[in-house]
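Visitor: I have a structure here, written as structure tokens, and I will follow up with some questions on it.
Values quoted throughout were computed directly from the atomic coordinates according to the rules given, and no laboratory measurement underlies them. Computed from a predicted model, the values in this text were never measured in an experiment. Glycine also receives a Cβ, built like all others from the backbone with ideal geometry; neighbour counts cover every protein chain displayed.
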Amino acid sequence: MNKQNTIEDRLWDYIDGYGSREERSDLEQLLESNLDWKEKYRELLEVHHMLHSSELQEPSMRFTKNVMEEIAKYHIAPATKTYINKKIIWGIGLFFITLIVGFLIYGFSQVDWSAANSTSNQYIDLSKVDYSKIFNNTYVNVFMMLNAVLGLMLLDRYLADKRKTFKKEM
Amino acid sequence: MYCNLNQSTVVSDNRMSTGPSDIEIINRVLKGEQQAYAELVNRYQGYVFTLALRFTKNREDAEEVSQDIFIKAYRSLADFRGASKFSTWLYTIVNTTCITFLRKKKLEVHSLDNEKVFEVADTKDSGFSANQVEQKSRINMVNRAIEMLSPDDAEILTLFYKAEQSLEEIGEVLGLEPNTVKVRLHRARQRLKDKMEKYFTQEVKDLN
């Protein structure tokens, strides 16, 4: 099957005019010497000619008139680039990159690198971790609150979409 | 508000050698000469309608979808920057609009690599007897055989053979790499050949 596919792929490439001069001349020699290849080539060439001879379908006589009547109701929309300000896009991107870089710098600056060496051989006992120290921080609490609000907004949007779909189906 | 397309920077469509070029017409339309758009519609309606028909499988829907395509193209004409041929840009709209149409209609969009698809297609076609072919002409036979293919296959064949799009341009229209387009084109032709052998053997013999 794979061999058959390879033969056909090579023949289609030849018919379509693809491939290097060397590949084409190799194939031409093969077509002259090998009857199977020649027969396959004849079959594919027939399909190729038939496809070329297929005709386009035409719509009704009134088609252009209908389109022109329809477009008379519309205006050409301004080009996207005229109302999308690239500076704003770049500004938003820059803001987020700065924010991420800032967080990373702050995070790394808080790491006590010397502590890592001294405790490298010890296992951390998760049950003894004092989580209150982590969640007692005002910034962390504000961050968590923001996430919770965003999550609720997302849920509300999802439910609203569901409601719309349900109404449409009704 | 609109920028004029510079003739030297745009890719021209060599197919249309007579009359004003696509770019000249587009510039006229962008300057407010709405009636000039009729020339573009006349020029491409056959291509657009045939492609739409490959998806919709019936003339009424194809005409509605084609009309929608030309309206969309008109409304976004200012976005055509001339980086590709106008026809390639237009066929991109054809492709997206037809896919949306199929989704709306909840028809099965068959994947090219899904073998089940062809089982379904074969079952669907089983009621189609070769005797039903009214005109035994080669053209009609090929068109009937193309109609039996999945929209994906029919579209790629139409773009390559009738709309005279290169592999790169078809890739642009379908959002695929040229090599993938080539593979899909090979497969589509093979499937067409299979269909012809299965349903039109006698017709092929008569024609030969």
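Visitor: Write out the trypsin sites (Lys or Arg not before Pro) in region A:1-94 meeting two conditions: DSSP loop, and at most 10 other Cβ atoms within 10 Å of their Cβ. Let's see the in-between values first.
Guide: Working: sites: A:Lys3, A:Arg10, A:Arg21, A:Arg24, A:Lys38, A:Lys40, A:Arg42, A:Arg62, A:Lys65, A:Lys73, A:Lys81, A:Lys86, A:Lys87; in loops: A:Arg62, A:Lys73.
Here the trypsin sites (Lys or Arg not before Pro) that fit, given the DSSP loop and packing criteria, are A:Arg62, A:Lys73.
Visitor: Using R₀ = 25 Å, calculate the FRET efficiency as 1/(1 + (r/R₀)^6) where r is the Cβ-Cβ separation of B:Glu177 and A:Glu23; round to 0.05.
Guide: The computed FRET efficiency comes out at 0.75.
Visitor: Shielding of B:54-62 by partners, i.e. mean partner chain Cβ atoms within 10 Å per residue?
Guide: 1
Visitor: Once R0 is set to 30 Å, what does the formula 1/(1 + (r/R0)^6) return for the Cβ-Cβ distance between A:Thr98 and A:Asp156, expressed as a FRET efficiency to the nearest 0.05?
Guide: Efficiency at R0 = 30 Å is approximately 0.50.
Visitor: Same structure, new question: Which value, in nm² and rounded to one decimal, describes the direction-averaged projected area of the C-alpha convex hull of chain A?
Guide: The number I arrive at for chain A is 28.2 nm².
Visitor: Can you sort B:Glu60, A:Glu8 so the residue with the fewest Cβ neighbours within 10 Å comes first?
Guide: Values: B:Glu60 9, A:Glu8 19.
Least to most surrounded, the residues fall as B:Glu60, A:Glu8.
Visitor: Still on this structure, please answer the following. Provide the convex hull volume over Cα atoms per residue for region B:26-81, in Å³.
Guide: Dividing the Cα hull volume of region B:26-81 by its residues yields 78 Å³.
Visitor: Counting only other residues whose beta carbon sits under 14 Å from that of A:Arg62, what net charge do I get with K and R as +1, D and E as -1?
Guide: -4
Visitor: What is the Cα radius of gyration of region A:25-75 over 2.2 N^0.38 Å, N being its residue count?
Guide: Compactness ratio reported: 2.35.
Visitor: With θ taken as phi - 60° and the coefficients 6.51, -1.76 and 1.60, list the Karplus ³J(HN,Hα) couplings across region B:47-61 in order, rounded to whole Hz; mark glycine and proline as x.
Guide: Taking θ as phi minus 60°, the curve returns 5, 5, 5, 4, 5, 4, 5, 4, 8, 7, 6, 9, 5, 4, 5 Hz for region B:47-61.
Visitor: Kindly provide log₁₀ I(q)/I(0) values, in the same order as q = 0.32, 0.34, 0.35 Å⁻¹, from the Debye equation applied to equal alpha-carbon scatterers of region B:163-203.
Guide: Log-scaled intensity ratios, in q order: -0.98, -1.05, -1.07.
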